[in-house]
Amino acid sequence: MANSNVISGLQGFNSSIATLKDDMQRKVAFSAALIGANVIKREATSIALTLGLQQTGALINNIAVKREANPPLGTAQYNLGVRHGRELGSKAKVVYSVRTDGSIKKAYVDDPFYWWYLEFGTKAHTEAGGSGRKLSFEADSRPVFAMKVVNPGIQATPFIGPAFERKSDAALQAMADRVEQFIQKGAA
């Protein structure tokens, strides 16, 4: 925006919001926060695609911005992450199966629960079947049964953290532009 009232930095952003009426401050703050979060979301999606994290599309399609239900007083907060499990909502495909003990297992199809492991990685650890049960999995298209398995861990391939680092200035500018739009509307 070409304007003499250029908002620069977080202090300028906060002081610009303070010039608005109290009832408008909350609306403007949440609107601006959403716009800034979406700038970072688009970059996170781009990075995830560049890193080749699109297997089924579930991870890419579920990178989301969600409004914080109970933010701290005087704060407009959105969270950026990946929807998974119950958060997938009513459109999620669910498969039910019966376990050997007769209980019912609910599983979400294309659930990107693993996003956290990709973003932060995991350490090497030992997995055990527990209660004398063996683990079962496939290796080289053959079934394998073992009491314990050493998992080497997963190397982190972050996509949300780098998105924030790359686009935080652009997100702040988009937020400032949004506040400036509200200020201009109020002045008119």
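The values are calculated or read from the model by the stated rules, or taken from the named source; none is laboratory data. No experiment lies behind these values; they were computed from the predicted model shown. Note that each Cβ is placed from the backbone with ideal geometry, even for glycine, and that neighbours are counted across all protein chains shown.
Across region 146-183, which residue is modelled with the highest pLDDT among those that are surrounded by fewer than 17 Cβ atoms within 10 Å (Cβ to Cβ) and of a type in the set (Asp, Glu)? Among those that are surrounded by fewer than 17 Cβ atoms within 10 Å (Cβ to Cβ) and of a type in the set (Asp, Glu), it is GLU165. For LYS41, the conditions (1) surrounded by fewer than 18 Cβ atoms within 10 Å (Cβ to Cβ); (2) among the basic types (Lys, Arg); (3) farther than 28 Å from ARG133 by Cα are fulfilled apart from (1). Cβ separations smaller than 8 Å between residues 6+ apart or across chains give the following pairs from region 149-171 residues that are closer than 30 Å to GLY132 by Cβ to residues that are part of a helix (DSSP H, G or I) and not hydrophobic (A, V, I, L, M, F, W, C): ILE154/TYR117. Within region 48-79, the residues that satisfy the criterion of being of a type in the set (A, V, I, L, M) and closer than 28 Å to SER90 by Cα are ALA48, LEU49, LEU53, ALA58, LEU59, ILE60, ILE63, ALA64, VAL65, ALA69, ALA76. Just so you know, in region 47-60 the residues that are assigned to a helix (DSSP H, G or I) and in contact (Cβ under 8 Å) with a residue 40 or more places away in the chain include one that is farthest from TYR108 (Cα to Cα), and it is ILE47. If we scan region 111-123, do we find a residue that is over 28 Å from the mean Cα position of the chain (by Cα), without any contact (Cβ under 8 Å) to a residue 40 or more places away in the chain, more than 29 Å from LEU34 (Cα to Cα) and part of a loop (DSSP other than H, G, I, E, B)? No, there is no match, as no residue in region 111-123 is over 28 Å from the mean Cα position of the chain (by Cα), without any contact (Cβ under 8 Å) to a residue 40 or more places away in the chain, more than 29 Å from LEU34 (Cα to Cα) and part of a loop (DSSP other than H, G, I, E, B). Of GLN155, GLN181, which residue is among the polar types (S, T, N, Q) and closer than 30 Å to GLN77 by Cβ? After applying the criteria, what remains is GLN181.
Under the condition of being under 22 Å from ILE63 (Cα atoms) and among the charged types (D, E, K, R), the residues counted in region 95-123 number 3.
Does GLY89 satisfy the criteria of being closer than 30 Å to GLU68 by Cβ and not assigned by TED's automatic domain parsing to the domain that holds ALA64?
Numbers: closer than 30 Å to GLU68 by Cβ: yes; not assigned by TED's automatic domain parsing to the domain that holds ALA64: yes.
Yes: the conditions hold for GLY89.
Of all residues in region 163-176, none are polar (S, T, N, Q) and outside the structural domain of THR50 (by TED's automatic domain parsing).
Could you identify the single residue in ILE154, ILE183 that is touching a Ser or Thr at 6+ places or on another chain (Cβ under 9 Å) and more than 30 Å from ILE47 (Cα to Cα)? Spell out the reasoning first.
Working: ILE154 fails: more than 30 Å from ILE47 (Cα to Cα).
Exactly one of ILE154, ILE183 is touching a Ser or Thr at 6+ places or on another chain (Cβ under 9 Å) and more than 30 Å from ILE47 (Cα to Cα), namely ILE183.
The residues of region 83-108 that are touching a residue at least 12 places away in the same chain (Cβ under 8 Å), within 19 Å of the chain's Cα centre (by Cα) and not in a helix (DSSP H, G or I), listed by number, are ARG83, HIS84, ALA92, TYR108. With respect to (1) over 20 Å from LEU34 (Cβ atoms); (2) of a type outside the set (A, V, I, L, M); (3) in a helix (DSSP H, G or I), the lone exception for ARG178 is condition (1).
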